[in-house]
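A short worksheet on the structure shown next.
The values are calculated or read from the model by the stated rules, or taken from the named source; none is laboratory data. These figures come from a predicted structure and were not determined experimentally. Cβ: placed from backbone, ideal geometry, glycine included. Neighbour counts: every protein chain shown. All accessible areas refer to the heavy atoms of the entire protein, side chains included, with ligands and DNA or RNA removed. Shrake-Rupley method; radii C 1.70, N 1.55, O 1.52, S 1.80 Å.
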Amino acid sequence: MATSRVVIDPITRIEGHLKIEVQVTDGIVTDAWNSGTLFRGIETILKNRSPEDAWLFTQRLCGVCTYVHGEASVRAVENAVRLTIRPMPASSATS
Amino acid sequence: MVGNRTMLSIAQEICPRPRRSSAPGPAPPTGDRGRIPQPHRAKGVKAALPNLTVPVVNVPGCPPNPVNVVGVIADYLLQNRLPALDSKGRPRFAYGRKVHELCPYREQESRCLKEQGCKGERCFNNCPSVKFNDGVSFPMQAGHPCIGCSEPNFWDTMTPFYGKATTIDGRSTSVRLTTQRPT
């Protein structure tokens, strides 16, 4: 049984800093690990700041998937204050 | 860490290489995301590499406008000299005027976002004239106030981002006029 390990670090052609390790046994992947190797500390930075500002900080996690981090933060704040956003009226959503 | 190397070690290797100039801009001038706390210890190029002898041009913004990044490089290639810089190392052709001065909505009471916390009066950049995405739009055109992202330490000096601008104890800040709590 031949086991080898493939390490790809960094994963290129994505914005982040990702390391992938793959264990291969007899030509079949038997285990895999991924690591995010860039520490940002956004959670720590957000402490004691205005919740309305939070989404602008979390957006900076990534220069490619910027928007989803912002939206996740907005949803978290809305959930925290139990805010329900009314759906957009059909008339304005289709424009 | 990138490929088992720190960003600082990569910067120490790469930044001194150009003989004449470099414009490694796409980070804010100080490169930090909040002074207190600052768990990542990130810095701008000049602060991280104090012994660097190569001239540094800051092209700040979060993100900086690619027109300005390319503009600095193209200007250097055409003129064989660096563009005129301001006291913060920014090219004057892009950061010579305040966002508010260039904003088409500054005279329109219905569109001006000063009361919502717009930082255009304290921020030097050319967003309203160059715009983003090939000239499609810029924040105030989409109805969002400027957050002042091309000024040093803007995460601390420009926050809170929303609310009416005012000065308390000599420090510029924002005050929210109304706070609505969910019922």
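What to note about this one:
- B:Ile147 - accessible surface, heavy atoms, 1.4 Å probe, Å² rounded to 10: 20
- The amide H of B:Asp86, built 1.01 Å from its N in the peptide plane, has B:Arg92 as neighbours under 5 Å, considering only residues 5 or more places off or on other chains.
- Debye log10 I(q)/I(0) at q = 0.15, 0.16, 0.24, 0.26 Å⁻¹ for chain A, Cα point scatterers: -0.79, -0.84, -1.19, -1.26
- Cα-based shape type of the range B:61-160, given that a ≥ b ≥ c are square roots of the gyration tensor eigenvalues and the cut on a/c is 1.5: prolate
- Shielding by partners for peptide A:45-55, expressed as the average number of C-beta atoms from other protein chains within 10 Å of each residue's C-beta, is 4.
- For chain A, the list of chymotrypsin sites (Phe, Trp or Tyr not before Pro) that fall in a loop by DSSP and count at most 15 other C-beta atoms within 10 angstrom reads A:Phe39.
- When each of A:Lys19/B:Lys88; A:Lys19/B:Lys119; A:Lys47/B:Lys46; A:Lys47/B:Lys114 is checked by Cα-Cα distance, pairs over 31 Å: A:Lys19/B:Lys88; A:Lys19/B:Lys119
- Derived scalar couplings between HN and Hα for the range A:18-28 equal 10, 10, 10, 10, 10, 9, 10, 10, 6, x, 10 Hz in order, rounded to whole Hz, by the Karplus curve 6.51 cos²θ - 1.76 cosθ + 1.60 (θ = phi - 60°), x for Gly and Pro.
- Note on B:Leu78 and B:Phe132: with the Förster distance fixed at 25 Å, the Cβ-Cβ geometry gives a FRET efficiency of about 0.55.
- Within chain A, the GluC sites (Glu not before Pro) that combine a DSSP coil assignment with at most 13 other C-beta atoms in a 10 angstrom radius are A:Glu15.
- Taking amide H as placed 1.01 Å from N in the peptide plane, B:Val2 has its amide H under 5 Å from the amide H of B:Met7, each at least 5 places away in sequence or on another chain.
- For B:Lys131, nonlocal amide neighbours, meaning residues 5 or more places apart or on other chains whose placed amide H falls under 5 Å from its own, do not occur.
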